[in-house]
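Here the structure comes first, spelled out in structure tokens, and everything after it is commentary.
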Amino acid sequence: MKLTRDEMKMINLRRANQKIAGPKGKKDNNKKIINLIHNRMELGIIKFGHEMPIGFYEDKDVLEEVIDAMIYAASLLLELKDEI
């Protein structure tokens, strides 16, 4: 399989970033993230009785959820910072 020019650029950029940032820890991190998302979506099916609807939510709904998540994250980070 031959890679496109853009795909090669992305690969080279990732390699360069990895050299700068160093190793990120254990392998399979992507699998862990995917499993976390999958489990959360399964919980949604159990809780709401159906899969995630497409075309149901508006920009405003997503914005509110993202802002809420940022608030939760900031609260946790401040708590962790105080422990250090």
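Among the residues making up segment 34-74, those that are exposed (fewer than 10 other Cβ atoms within 10 Å of the Cβ) and small (Gly, Ala, Ser) are Gly49, Gly55. Of all residues in segment 14-36, those satisfying the criterion of being at negative phi and modelled with pLDDT under 85 are Arg14, Arg15, Ala16, Asn17, Gln18, Lys19, Ile20, Ala21, Pro23, Lys24, Lys26, Lys27.
The values are calculated or read from the model by the stated rules, or taken from the named source; none is laboratory data. Keep in mind that what you see is a predicted model, and the values were worked out from it rather than measured. Quick reminder, even Gly has a Cβ in these numbers, built from the backbone with ideal geometry, and neighbours come from all protein chains shown.
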